[in-house]
Ligand SMILES: [Zn+2]
């Protein structure tokens with residue numbers, strides 16, 4: 001995230017991340033350790049990355065369509081996150097989990113509504 005980890009994995013209003021030149025004030029960067037141009041991303045890392053992206057979509061009120069690779073940002077001249085990372089596939093996987101969580105949250109709300117207290 002462009003700063004030393006302080007344990008919470010999120011930027012507070014007092015912290016300023018630096019990841020994509022020209023977009024730092026309006027974007028949030030996530031880093032994985034590895035070079036994904038020469039080697040496919042480890043499935044365990046990809047799984048955790050997707051979980052973080054889904055959580056951030058909910059927390060920051062974004063959609064999976066808002067997930068961009070560094071190389072997709074205007075003005076970027078980098079392979080980041082690596083040429084072997086298919087960003088459309090990654091967004092699709094984030095979207096699947098995002099929709100699954102949304103369905104679960106919808107069911108939970110319905111359950112809570114139907115459990116309204118009755119009687120006196
Ligand atoms: Zn990058």
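Values quoted throughout were computed directly from the atomic coordinates according to the rules given, and no laboratory measurement underlies them. Quick caveat, the model's predicted, so the values are computed rather than measured.
If you wrap the chain in the convex hull of its Cα atoms and look at it from every side, the mean projected area works out to 10.3 nm². For residue 111 and residue 24, the difference between the fully extended length at 0.36 nm per residue and the C-alpha to C-alpha distance is 27.3 nm. Taking all Cα pairs closer than 8 Å and separated by 6 or more residues, the relative contact order of the chain comes to 23 percent. Taking a ≥ b ≥ c as the square roots of the eigenvalues of the Cα gyration tensor, an a/c ratio of 1.5 or more together with a/b no larger than b/c marks segment 35-105 as oblate.
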